[in-house]
1. Taking the Cα centroid of segment 55-97 and of segment 110-163, what is the distance between the two, rounded to the nearest whole Å?
2. Would you check the accessible area of Trp153, probe 1.4 Å, heavy atoms only, in square angstrom rounded to 10?
3. What does the convex hull of the Cα atoms of segment 7-146 come to per residue, in Å³, rounded to a whole number?
4. Sorted from largest to smallest, which semi-axis lengths in Å does the alpha carbon gyration tensor of segment 68-147 give for its equivalent ellipsoid, taking the root of 5 times each eigenvalue?
5. Give the ranking of Met93, Met29 by solvent-accessible surface, highest area first, calculated with a 1.4 Å probe.
6. Taking a quarter of the surface of the Cα convex hull of segment 32-100, what do you get in nm²?
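The values are calculated or read from the model by the stated rules, or taken from the named source; none is laboratory data. What you see is a predicted model, and the numbers here were worked out from it, not measured in a lab. Note: accessible area is taken over every heavy atom of the protein model, side chains too, but ligands, DNA and RNA are not part of it. Shrake-Rupley method; radii C 1.70, N 1.55, O 1.52, S 1.80 Å.
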Amino acid sequence: LGAGLATLVVGVALVGGWARLSGTTPSAMALLGLVSAGALAIRDEILFRGLPILFAHRAGLPLGYGVVFGVLVAPSNFLLTERVTPEAVVLAMALGALAGALFVRKHGLWAAVAAHAGFVAVAGVLTRGALIEVTWQQGELGAGLAARGATAWLMAALFSAAALVVWRGRTSAPDKTPAPSVAPKRKEGARTPAPSVAPKRKEGARKTKT
């Protein structure tokens, strides 16, 4: 989902004259960049989405609390730097909202990781010489501080809309997800033993000889 929406923004930018395309020769370094994008996504999704949502569930709180926390801390990697821009912060938060919604909707980490890694791969690797070279003339699509201008705002709007659609599309209320049972399951067909009705023998009582 993240890669698809990022590709859509790149296409809109090329058609609208916000960017121009130039060919390039893919190299083996592209593979390293994709691996780095995946590792970055796994780290951020575990720290900013997985753990807060898990803690909210363990504490009996609505899972939305964990999602909101993940949205707020999403730009923390670069928030205090000098070159930070409003669009970079909003884009990071919008991506965090989409990842959090996917985490809850899909009941797992990997949907969020795939969306995050897909966006970083397209915006930060494939369109920067690994596959094609996109020269931005109005704004820039990228992860973190690389995002700026109208392109970043458009990407943030699409991520926000996608997060809303995914969140509203839940088929079950995650806030009521039961905790996993630790009791052993009874095998199918196994009979439940009937309660014993024999009187208990008092301690110290001697057995009667027959």
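1. Taking the Cα centre of segment 110-163 as reference, the centre of segment 55-97 is 17 Å away.
2. 120
3. On the way: hull volume 15.2 nm³, N = 140.
Here the figure is 108 Å³ per residue.
4. On the way: eigenvalues 104, 63, 14 Å².
Computed over segment 68-147, the values are 23, 18, 8 Å.
5. Result, largest first: Met29, Met93.
6. Values: hull surface 20.3 nm².
If you wrap the Cα atoms of segment 32-100 in a convex hull and average its projections, you get 5.1 nm².
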